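The values are calculated or read from the model by the stated rules, or taken from the named source; none is laboratory data. The model shown is predicted, which means the values in this text are computed figures rather than measured ones. Glycine also receives a Cβ, built like all others from the backbone with ideal geometry; neighbour counts cover every protein chain displayed.
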């Protein structure tokens, strides 16, 4: 991921770049297709240097044309190549038709049948490309399922067929690639939703198009990781003191959920907050202080007891272990008039979904897809079908910043969008969201605006999780391991 650009674009924007390169800058469509095919072929040889037999699945558009270029190059290099055309190759036009004719002079082109996959070391998906906007069916679905079921390598050209380049949604069935070389501009959908299950290693090449191709096209989102955001927080002054870095009040931990509030508080402290207090149930105070004496823990059994703590806080983090019983409802209601930055997560969001709160420009909400579905009164599948649209709608209703968790976390604030491409499957375990809440709160306490705080928190959280997983393995990764990685400075 480190070599990939930060800018992410919609498929429509990338098609406009392609048009500009051809029509405004004299790059022929044939030349761009040749360049794309060469990049893809080099990626294949780098990943599978010992491959001798390849099968190329070609569709009916420019993606298929890229496939015909790859097949010709492989044949010229002495590989055994089989080409399966899933639409009539003689109905192709433009650059794709020219690429097909050059391929046909070197390699036989056959109609699709499953036997064409037999004994292939690598299968190349050059079927559908970036324009897909409906579910895959018919012979295309059959070919994709057959390719996924077989052993050996799989390479997708530009976009795995069956994945929306706009949203990352899986449209019926989708090709599972080990490597996906993609061209000119990074498509935003390749990094979120179902896409990470299908892209494998991402390889990017801008095909040497002129820089003017990108002028005036503002990216739809920006990719964030720990390196990208490293300069968002300035170095601390030598004479700094704890009062410079805020006082966070974490509110949560109803009976039986004291661990959640401790994880959030400890993550806030490890992420640079000056002071961290916790308002929780009495029974959680002693173990919290024993485990993390740097945190100030307060027994709060009624909304009225929260009032003096609210006056001392500069940032609130509400929700970890809060519950949806009367105690949690009362705590959330008591915090409603707080006039500083607020992070809401977990049961604070579930309670918020039952109300109609006013938009708050100083609020960060951090829903997972299920919580986002409740907030928008949708089902989870609708959220995952277009995570960017879900963030847009959440922003319009709730204001501030939205951090939609999941593979390819999407963050939005005002008209800006970020996408976190770090992280690993080990993060699908209890307590990870509580740690993230604490990180967001700490960055707010250190003066970051809500959007930057949310985006940077997603990047630091994921980078720390990747560091911890590299040491212990992803399976069995614990939220506490992520806090330890934050503490040791391994998040970037």
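Could you please let me know if residue 236 is surrounded by 20 or more Cβ atoms within 10 Å (Cβ to Cβ) and free of Cβ contacts under 8 Å to residues at least 40 places away in the same chain? First the steps, then the outcome.
Numbers: surrounded by 20 or more Cβ atoms within 10 Å (Cβ to Cβ): no; free of Cβ contacts under 8 Å to residues at least 40 places away in the same chain: yes.
When the stated conditions are applied, residue 236 does not pass them.
What about residue 109, is it closer than 27 Å to residue 186 by Cβ, surrounded by 16 or more Cβ atoms within 10 Å (Cβ to Cβ), modelled with pLDDT of 95 or more and touching a strand residue (DSSP E or B) at 6+ places or on another chain (Cβ under 9 Å)? First the steps, then the outcome.
Working: closer than 27 Å to residue 186 by Cβ: no; surrounded by 16 or more Cβ atoms within 10 Å (Cβ to Cβ): yes; modelled with pLDDT of 95 or more: yes; touching a strand residue (DSSP E or B) at 6+ places or on another chain (Cβ under 9 Å): yes.
No: the conditions fail for residue 109.
Filter the stretch 191-225 down to the residues that are farther than 29 Å from residue 170 by Cβ and part of a loop (DSSP other than H, G, I, E, B) and list them by number.
Once the filter is applied, which keeps residues that are farther than 29 Å from residue 170 by Cβ and part of a loop (DSSP other than H, G, I, E, B), the stretch 191-225 yields 208, 209, 210, 215, 216.
So residue 285 ticks every box in (1) buried (at least 20 other Cβ atoms within 10 Å of the Cβ); (2) part of a helix (DSSP H, G or I); (3) in contact with a strand residue (DSSP E or B) (Cβ under 9 Å, 6 or more places away or on another chain) but one. Which box is left unticked?
Evaluating residue 285 over (1) buried (at least 20 other Cβ atoms within 10 Å of the Cβ); (2) part of a helix (DSSP H, G or I); (3) in contact with a strand residue (DSSP E or B) (Cβ under 9 Å, 6 or more places away or on another chain) leaves (1) as the failure.
Suppose the filter is within 15 Å of residue 122 (Cβ to Cβ), at pLDDT 95 or above and not in a strand (DSSP E or B); does residue 54 pass it? Show your work before the answer.
Working: within 15 Å of residue 122 (Cβ to Cβ): yes; at pLDDT 95 or above: yes; not in a strand (DSSP E or B): no.
Judged against the criteria, residue 54 is not a match.
Just give me the residues in the stretch 416-438 being over 21 Å from residue 470 (Cα atoms) and either in a helix (DSSP H, G or I) or at pLDDT below 95 (or both), in sequence order.
The first filter runs over the stretch 416-438 and keeps only residues over 21 Å from residue 470 (Cα atoms), leaving 416-419, 434, 437-438.
Answer for the stretch 416-438, where residues must be over 21 Å from residue 470 (Cα atoms) and either in a helix (DSSP H, G or I) or at pLDDT below 95 (or both): 434, 437, 438.
Somewhere in the stretch 119-132, is a residue over 17 Å from residue 40 (Cα atoms), in a helix (DSSP H, G or I) and more than 31 Å from the chain's Cα centre (by Cα)?
Among the residues of the stretch 119-132, not one is over 17 Å from residue 40 (Cα atoms), in a helix (DSSP H, G or I) and more than 31 Å from the chain's Cα centre (by Cα), which makes the answer no.
So, in the stretch 173-183, of the ones that are more than 20 Å from residue 388 (Cβ to Cβ) and in contact with a strand residue (DSSP E or B) (Cβ under 8 Å, 6 or more places away or on another chain), which residue ends up surrounded by the fewest Cβ atoms within 10 Å (Cβ to Cβ)? Before you say what the answer is, go through the steps one by one.
Quick first cut of the stretch 173-183, residues more than 20 Å from residue 388 (Cβ to Cβ) only: 173, 175-179, 181, 183.
Keeping just the survivors that are in contact with a strand residue (DSSP E or B) (Cβ under 8 Å, 6 or more places away or on another chain) gives 175-179, 181, 183.
Values: 175: 29, 176: 19, 177: 26, 178: 17, 179: 20, 181: 25, 183: 26.
The residue in question is 178.
Of (1) under 22 Å from the mean Cα position of the chain (by Cα); (2) free of Cβ contacts under 8 Å to residues at least 40 places away in the same chain, residue 192 satisfies all except one. Which?
(2)
Pick from the stretch 33-60 the residues that are in contact with a strand residue (DSSP E or B) (Cβ under 7 Å, 6 or more places away or on another chain) and closer than 22 Å to residue 17 by Cβ: which of them is surrounded by the fewest Cβ atoms within 10 Å (Cβ to Cβ)?
43
The conditions are (1) buried (at least 23 other Cβ atoms within 10 Å of the Cβ); (2) without any contact (Cβ under 8 Å) to a residue 40 or more places away in the chain, and residue 170 fails exactly one of them. Which is it?
Going through the list (1) buried (at least 23 other Cβ atoms within 10 Å of the Cβ); (2) without any contact (Cβ under 8 Å) to a residue 40 or more places away in the chain, residue 170 breaks only (1).
Looking at the stretch 226-260, which of the residues that are touching a strand residue (DSSP E or B) at 6+ places or on another chain (Cβ under 7 Å) and in a loop (DSSP other than H, G, I, E, B) is nearest to residue 349 (Cα to Cα)?
The initial filter retains those residues of the stretch 226-260 that are touching a strand residue (DSSP E or B) at 6+ places or on another chain (Cβ under 7 Å), namely 242, 246-253, 258.
Add one more test, that the residue is in a loop (DSSP other than H, G, I, E, B), and what stays is 246, 252-253.
Details: 246: 24, 252: 13, 253: 15 Å.
This residue is 252.
All but one of (1) crowded, with 24+ Cβ neighbours inside 10 Å; (2) assigned by TED's automatic domain parsing to the domain that holds residue 12 hold for residue 224, so report the exception by its number.
(2)
Among (1) under 20 Å from residue 4 (Cβ atoms); (2) surrounded by fewer than 21 Cβ atoms within 10 Å (Cβ to Cβ); (3) touching a residue at least 60 places away in the same chain (Cβ under 8 Å), there is one condition residue 448 misses while meeting the rest; what is its number?
Checking residue 448 against (1) under 20 Å from residue 4 (Cβ atoms); (2) surrounded by fewer than 21 Cβ atoms within 10 Å (Cβ to Cβ); (3) touching a residue at least 60 places away in the same chain (Cβ under 8 Å), the one that fails is (1).
Collect the residues in the stretch 10-21 that are assigned to a helix (DSSP H, G or I) and either under 28 Å from the mean Cα position of the chain (by Cα) or surrounded by fewer than 19 Cβ atoms within 10 Å (Cβ to Cβ) (or both), keeping them in residue-number order. Don't jump to the end; show me each part of the working.
The initial filter retains those residues of the stretch 10-21 that are assigned to a helix (DSSP H, G or I), namely 11-21.
Matches in the stretch 10-21: 11, 12, 13, 14, 15, 16, 17, 18, 19.
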